[in-house]
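Read the figures in this text as sums done on the coordinates, not as results from a lab. Since we're looking at a predicted model, the values are computed, not measured. All Cβ positions, glycine included, derive from the backbone under ideal geometry; neighbour counts span all protein chains shown.
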Amino acid sequence: MKTLIRDAGHLVRVALVFVAGLVLFLVVRGVLVPKSFGQYGHYRGDALNEIAARPIKYAGRDACADCHPDVVEVKNKGRHARLGCEACHGPLAGHVADSSAVQPVLPDTAVLCVRCHEANASKPAKFPQVNSKEHSMGMACGSCHKAHSPAMDSGGGK
Amino acid sequence: MSMTRRDLLGQSVRYLLLTGAAATAWDYLKAGDAEAAPNYKTTDHWWSMLLDVTVCIGCGNCVRACALENDVPDGYFRTWVERYHVGDWQLEHPLVDSPNGAKDGFPDNRPPGGKNFFVPKLCNHCTDSPCVQVCPVGATFDAPDGVVLVDSKYCLGCRYCVQACPYGCRFIHPQKQTAEKCTLCYHRITKGLTTACCETCPTGARQLADLKNPKDPIHEFLRTHSVQILKPHMATGAKVFYNGLDGSVR
């Protein structure tokens with residue numbers, strides 16, 4: 001019994017070293033692990049907001065309709081009703097933010113139209129397709145069809 | 001990180017009394033906001049996408065829009081379009097190509113005969129994602145709204161997830177050297193917009209869908225059409241649904 005009490009100092013010292021190690025581990029862990037880690041799961045919760053905060057480049061068709069309702073009305077009556085504006089005009093969030101700083105470029109119909117409408121065996125048979133060389137003999141698509149309402153009898157418009 | 005002696009002592013005591021995770025939870029309890037994104041509640045959504053193979057024309061609008069919207073480097077793809085050709089009975093060996101991911105469309109033509117069709121592909125935002133399961137550091141994760149995302153600040157670039165994805169949807173960004181993939185345009189859908197690919201798809205072959213929104217037309221579509229997911233035998237719980245998918249598609 002006497003020996004145990006005399007040697008208890010060793011045990012206390014081991015226990016102190018262990019506690020000190022635990023404290024050091026918890027403090028280092030507390031500083032190194034980001035605060036939001038584990039907020040929703042085993043990942044950094046702040047990452048969600050960081051990814052959500054990235055800037056957009058395509059404004060969306062609703063933004064276009066705010067300023068150009070006349071064009072959208074013509075489009076929505078024609079065969080291209082389901083087509084988004086930026087599908088042809090490109091990303092224009094900058095134009096929506098400041099219409100003078102970013103000006104959309106008028107797309108070249110000779111390149112643009114054939115991307116969708118050039119005949120291809122892999123396209124669904126129902127989709128309107130032409131062999132552009134035979135169809136127009138080099139004429140620009142825009143000389144007969146109006147892009148916003150492409151049917152021949154659609155009576156002009158833009 | 002600047003810290004006064006008082007802060008350090010206070011934090012040390014807190015971490016002593018509580019474990020790290022409990023301390024973090026306590027912080028958020030105190031602040032009173034579990035949802036930091038304004039006007040967007042992650043738990044109100046469960047995002048998915050509907051791809052209609054029967055109307056895809058392979059124009060490549062989605063691939064170009066994705067690259068512009070997300071600054072995807074040339075030669076890498078977060079979404080791409082494949083062209084399938086199945087001659088006759090050889091469902092196991094279809095001819096598949098995707099020149100430059102269909103960024104320039106498909107200018108050439110397949111020889112006539114057999115089945116020809118386009119299949120757009122992207123991250124399937126699996127419910128039980130293999131990529132999330134293998135990530136050693138918690139850099140890729142299932143967001144509470146069903147989108148699989150990558151925390152590029154936490155990613156080590158170890159490439160485990162690239163190998164784990166059964167759909168080949170991930171790549172290592174050549175400059176950042178971290179894993180990248182489709183985010184389902186998380187920066188757009190949290191603002192009430194649709195994804196860049198859906199915005200520019202001319203035929204409606206791609207439609208963003210919210211499975212938690214009872215008014216979303218996808219519910220009616222799923223009830224009335226023969227819809228498939230890719231590699232159902234992998235039990236990934238993929239949330240990208242394909243209408244009119246041929247059995248040869250892998």
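Here r is the Cβ-Cβ distance between B:Arg250 and B:Val134 and R0 is 22 Å; the resulting FRET efficiency, rounded to 0.05, is 0.55. Label-to-label distance for A:Asn49 and A:Cys144 is 5.8 nm, based on points extended 7 Å past Cα in the beta-carbon direction. Among B:Trp46, B:Cys155, B:Phe141, which residue has its Cα positioned farthest towards the positive end of the charge dipole of chain B, with +1 placed on the Cβ of Lys and Arg, -1 on the Cβ of Asp and Glu, and the dipole taken about the Cα centre? Result: B:Cys155.
Distances between placed amide hydrogens fall under 5 Å for B:Arg206 paired with B:Asp52, all partners being 5 or more residues away or on another chain. Within the listed set B:Arg83, B:Arg188, B:Arg64, the Gaussian network model of chain B (springs between alpha-carbon atoms below 10 Å) gives the highest mean-square fluctuation for B:Arg188.
Dipole magnitude of chain B about its Cα centre, charges +1 at Lys/Arg Cβ and -1 at Asp/Glu Cβ only, in debye to the nearest 20? Could you put the intermediate results ahead of the total?
On the way: 26 positive and 25 negative charges, 101 e Å.
Dipole about the Cα centre, nearest 20: 480 debye.
In the protein assembly as shown, if the dipole is taken from +1 on Lys/Arg beta carbons and -1 on Asp/Glu beta carbons about the Cα centre, which of B:Cys185, B:Ala65, B:Asn243 is farthest to the positive end? Of the candidates, B:Cys185 comes out farthest on the positive side. Using R₀ = 41 Å, calculate the FRET efficiency as 1/(1 + (r/R₀)^6) where r is the Cβ-Cβ separation of A:Val31 and B:Thr43; round to 0.05. Efficiency, from the Cβ-Cβ distance: 0.85.
Peptide B:150-163 has a mean shielding of 2, counted as Cβ atoms of other protein chains within 10 Å of each residue's Cβ. For B:Phe171, the residues whose modelled amide H falls within less than 5 Å of its own, excluding neighbours fewer than 5 places apart on the same chain, are B:Glu180. Taking the square roots of five times each eigenvalue of the Cα gyration tensor of the protein assembly as shown, the equivalent ellipsoid has semi-axes of 52, 25, 18 Å, listed largest first.
Averaged over peptide A:53-62, the number of partner chain Cβ atoms lying within 10 Å of each residue's Cβ comes to 6. Amide H to amide H distances under 5 Å link B:Thr140 with B:Asp151, where only residues 5 or more positions off or on other chains count and H is placed in the peptide plane. For the peptides B:73-82, A:22-31, residues were scored by their other Cβ atoms within 10 Å and the scores averaged per peptide; the highest-first order is B:73-82, A:22-31. Selection among B:Ser12, A:Ser136, A:Pro104 by position relative to the dipole of the protein assembly as shown gives B:Ser12 as farthest towards the positive end (Cβ unit charges, Cα centre). Per residue of peptide A:75-88, the mean number of Cβ atoms on other chains within 10 Å of the residue Cβ is 3.
Given a Förster radius of 45 Å and the C-beta distance between B:Asp7 and B:Thr127 as r, what FRET efficiency does 1/(1 + (r/R0)^6) yield to the nearest 0.05?
Values: r = 41 Å, r/R0 = 0.92.
Efficiency, rounded to the nearest 0.05: 0.65.
Computed 3J(HN,Hα) for segment A:118-124, one whole-Hz value per residue from the Karplus formula 6.51 cos²θ - 1.76 cosθ + 1.60 where θ = phi - 60°, is 5, 4, 8, 4, 7, 6, x, glycine and proline marked x.
About the centre of its Cα atoms, the protein assembly as shown shows a dipole size close to 1040 debye [charges on the beta carbon of Lys, Arg (+1) and Asp, Glu (-1) only; nearest 20 debye].
Highest mobility in the GNM of chain B, judged by mean-square fluctuation with C-alpha springs under 10 Å and restricted to B:Lys181, B:Lys231, B:Lys115, is found for B:Lys115. In summary, the lysines within cross-link reach of B:Lys41, defined as a Cα separation below 16 angstrom excluding same-chain residues under 8 places away, comprise B:Lys191, B:Lys212.
Placing +1 on each Lys and Arg Cβ and -1 on each Asp and Glu Cβ, with no other charges, gives segment B:121-250 a dipole about its Cα centre of roughly 240 debye.
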